[in-house]
Structures are given as structure tokens and as C-alpha cells.
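Contents: one structure, followed by commentary.
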Amino acid sequence: MLPPALGLLLLLACFGTARGNLSRDESQPTTSDETVVAGGTVVLKCQVEDPDDSSLQWSNPAQQTLYFGEKRALRDNRIQLERSTPNELTISISDVVLSDEGEYTCSIFTMPVRTAKALVTVLGIPQKPQIFGHEQPIDEEKIARLTCRSSGSKPAAQLRWKKGNKELTDEGTEVVEDPNGKTFTVSSRVEFRVTKEDNEAEVTCTVDHESLQNSERSTTQKLQVHYKPTAKIEPHPQYPREGEKLQLQCDGQGNPIPQEFLWEKEGSDAPLQLSSDSVLIFPFLNKSDSGTYVCTATSSMGSVVAKYNLDVSDLSQLPTPHVHSTPAPPPGPSQPIFHASMATASSFTPAPIQDASPVPSTSSTYHAVIGGVVAVIVFLLLSLLIVLGHYLIRHKGTYLTHEAKGSDDAPDADTAIINAEGGQAGGDDKKEYFI
């Protein structure tokens, strides 16, 4: 057990220590660290419980006084007084720049002087990322190498890739400090093998950074992939007939699109046509045109071959069209008109196609129209002759002759006249009819 004197001394020491701690806590100013995005506004608040009849003061990292109580000490319009009381001094700094970053000091001039530090961190906003390596088209099955770059971030930003809706894994990230010594430039590389389906695919690079405040900043580019062409032959009309015009269209697809088309007929030594025109024209289709036609479409990525089998039936075997007010019924399946099939050189085997709904030929239609016109003209001529004959019959006429009987025996004219006057009364009148 401690002696009474020693216990009293310990009690007094503890009381004095507690009183000193209480006095220090009440007069000690308090602050907090702040983070602000470049261009934004930061608010600095300093509070004290017992100011001890002293004023609070804010200083910048260069130890320049900003405010002493209510009095402005530094002429900077970006710095404004928000609140000033014996227990609080709050200021704001607008349009923050990277050079505003550092430790700000709040002081109270008691005995001794007490201070508190507030660390202001300024975030550098990364610039919109840029994608490099897509300027030239990429050949099919080759490796695409793309680079994404973003500058001005503080701290260094993160970059991520997407092709369509699929995430891509980068091959590495490089961080370089900018010349200002405060921000960073970040670069990311990605590599992948392209296919025909990647043509016009969208590749996106997105930058993630805390200064963006849950918003995205990204760039999207479309890939251009060169791939081998494809071709198929389309007839126009689909069901041609002998004597009609036929066009064979070689439909070439690819990137780039084929620009040269070679037409040949199997069994023929000379090519039919070589040009940038993909259409082969038959002005008047006949049976000798039957055969297999080959179209070779060529681009910078290669060539592709398409075939078309043409079988022209004899026109005399076709059903004779009849001209009337309603369309002629289509022939049955037993009346073949045209057999055709299309195939590429690699895999497709020609197959016969029968016409289920032929259309009357153009030449037959013209003949029927001409015959109808001639019949109408003949009918009109006959009608005109009948009307004219009927009119002439209804308007027939008579006339009397003055030729006297026995005038031929008179020796002279006077005697003939006398004889005529005498014999006219007794003689019958001569009548003549005309139509």
C-alpha cells in the first residue's frame, strides 16, 4: 500500500495532465483533406472550439496568406470567403488547376501558435482516347495491331478494349509522364486475327478514371477488311424463251468489289467478253446458245468462278398462246421450257429447273394484234360497200329520148323533124334506166 503523501502527488499529476490535454484540444484547429477535379471548386473549412480571442488564418502551399479572419490577403478572384466566425473560417477556390495542388495550412495565433494541414489533391482529366493502326485496310486472316492513347490524366488512367460486344485483352500498357511533370499519357496495344466477318466491325477504346465521375470517355473506329470475292449468275428474265432477249448478270461481291469480269462458254476456245461490265447479253436467244457459261470475277484479293447451265428448248415444242380476255392457264409440269442451274466452281452441282408458269411470247402477241387490226379494216371496207350499193339502188332515174322513128330514111333534116312530129304522138316513148 502506497504512503498517503505519494498517492496525493500522483493524483495531482494526473489532474494536471488531463487539464493540459483538455486545454490543447479546445484550441487546436481541425481541417480535412479534399480532392477536386481540375476546373472544379474546392472548399476548405477550418474550425476551433476555443479560439482564445484569436483569429483563424488560411495559407496556400507557398505559405502565402489567403485570408486572415474576414480580411483578404491575396488578390486572387478565384478565392472567396464563405464563412468567418470566431470558431470557423471557410474559403473556396474555383477553377482549380493542377498547380493548386498541395498542403494548405490553417493557423490560430495563440500561445503557442497552433496549425492544421489540409491536403488538396487535383485530378487531371484524361483526354479523349485516340486509336491508331486502322488507317489502312487489313487483309483477311492477317493480324490487326491497334494502339489506343490518352493524355492528361492524373493519376494515370486505365484503358480497355472492345470489338463489338466482346472484350479484348490488351498486349500491354505503357505510362509516360507528360512534360508538365504532373499528368500522364497512357498507351495500350491490342492484337487479333481478322476474318471476313470483321469487315465494318466496330472497335472501341474506353478510358476509365476517377475524374470522369461514373461517365465514359471512348473512341470507336470501324475496321476495313479485304477478303476474296464471291460470285453468282442471275438470268433476266428468270425463265427466258427462244427468240427472246436474255441477260446474264454476274453478281460479284467482296471487299474490294470485283472490277473485271471474264465470260466464257465451255467448249469454246475464244472468250466471249472481258470487261468491267458484269452483264452478258443475248439479243435473240436460239437453240445454239445452249451450253455452260462461266463467269470469272477478279479483284485485288483474287478471282472466283461461277457457272450457269443454259438449255434452250425448241420454240415449236412450246404450247401455242391464245389471245383472249383472260390469261392463258399455265402448262403442266410435263411441258419443259427452260432448264438452268447456277453453281460456283468449288461446290455447287447444276440441277434442272422447269418453268411452272410460262408467259406468252412477245412475237406471238404481236402477230395476234396485227391479225385483229387487219380483220377490223376488212370489216369496215365491206360495210362501206354495202351502204354505197344500197344508196345507189334507192336513187335510180329515168329520161326520155327525142330520137324519132324513121329519121334515118329522111333525105334532109327538115323532113326528119316533120316526120318526128307526126310520129311522136303515136309512138311509144323510149326509156333508158341507169344505175
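The values are calculated or read from the model by the stated rules, or taken from the named source; none is laboratory data. This is a predicted model, so every value here is computed, not measured. Quick reminder, even Gly has a Cβ in these numbers, built from the backbone with ideal geometry, and neighbours come from all protein chains shown. Note: accessible area is taken over every heavy atom of the protein model, side chains too, but ligands, DNA and RNA are not part of it. Shrake-Rupley method; radii C 1.70, N 1.55, O 1.52, S 1.80 Å.
Would you check if SER99 is modelled with pLDDT of 95 or more and of a type in the set (S, T, N, Q)?
On the way: modelled with pLDDT of 95 or more: no; of a type in the set (S, T, N, Q): yes.
No; evaluated as a whole, the condition is false for this residue.
Need pairs with beta-carbon distance below 7 Å; first residue more than 17 Å from GLN247 (Cβ to Cβ) and touching a residue at least 12 places away in the same chain (Cβ under 8 Å) and within region 260-288, second assigned to a loop (DSSP other than H, G, I, E, B) and open to solvent by less than 60 Å² (accessible area, probe 1.4 Å); sequence gap 6+ or separate chains.
Here the result reads LYS287/GLU242; LYS287/ASP314, each pair linking region 260-288 to a residue that is assigned to a loop (DSSP other than H, G, I, E, B) and open to solvent by less than 60 Å² (accessible area, probe 1.4 Å).
Return the residues of region 273-300 that are of a type in the set (Ser, Thr, Tyr) and in a strand (DSSP E or B); say none if nothing qualifies. Reasoning before the result, please.
First pass over region 273-300, keeping only residues of a type in the set (Ser, Thr, Tyr): 275-276, 278, 288, 290, 292-293, 296, 298-300.
Within region 273-300, SER275, THR292, TYR293, THR296, THR298, SER299 meet the criteria.
PRO112 fails exactly one of the following numbered conditions: (1) in contact (Cβ under 8 Å) with a residue 40 or more places away in the chain; (2) not in a strand (DSSP E or B). What is the number of that condition?
So PRO112 meets the others, but not (1).
How about region 195-240: which of its residues are in a loop (DSSP other than H, G, I, E, B) and under 30 Å from TYR308 (Cα atoms)?
Of everything in region 195-240, those that are in a loop (DSSP other than H, G, I, E, B) and under 30 Å from TYR308 (Cα atoms) turn out to be THR195, ASN199, PRO237, GLN238, TYR239, PRO240.
Looking only at region 126-149, which residues are open to solvent by less than 30 Å² (accessible area, probe 1.4 Å) and under 29 Å from the mean Cα position of the chain (by Cα)?
Selection gives PRO129, ILE131, ILE138, ALA144, LEU146, CYS148.
Restricting to region 150-169, name every residue that is without any contact (Cβ under 8 Å) to a residue 40 or more places away in the chain, open to solvent by 40 Å² or more (accessible area, probe 1.4 Å) and under 18 Å from LYS222 (Cα atoms).
Correct list: GLY164, ASN165, LYS166, GLU167.
In region 242-293, which residues are open to solvent by less than 80 Å² (accessible area, probe 1.4 Å), over 30 Å from GLU197 (Cβ atoms) and hydroxyl-bearing (Ser, Thr, Tyr)?
If the condition is that a residue be open to solvent by less than 80 Å² (accessible area, probe 1.4 Å), over 30 Å from GLU197 (Cβ atoms) and hydroxyl-bearing (Ser, Thr, Tyr), then SER268, SER275, SER290, THR292, TYR293 are the ones that fit.
Does region 73-81 contain at least one residue that is surrounded by 12 or more Cβ atoms within 10 Å (Cβ to Cβ), assigned to a strand (DSSP E or B) and of a type in the set (Lys, Arg)?
No: region 73-81 contains no residue that is surrounded by 12 or more Cβ atoms within 10 Å (Cβ to Cβ), assigned to a strand (DSSP E or B) and of a type in the set (Lys, Arg).
Against the definition (among the basic types (Lys, Arg), closer than 30 Å to THR31 by Cα and in contact (Cβ under 8 Å) with a residue 40 or more places away in the chain), how does LYS142 come out, yes or no?
No; evaluated as a whole, the condition is false for this residue.
Take region 52-72 and flag every residue that is part of a strand (DSSP E or B), closer than 17 Å to ARG114 by Cα and open to solvent by 20 Å² or more (accessible area, probe 1.4 Å).
Selection gives GLN57, THR65, PHE68.
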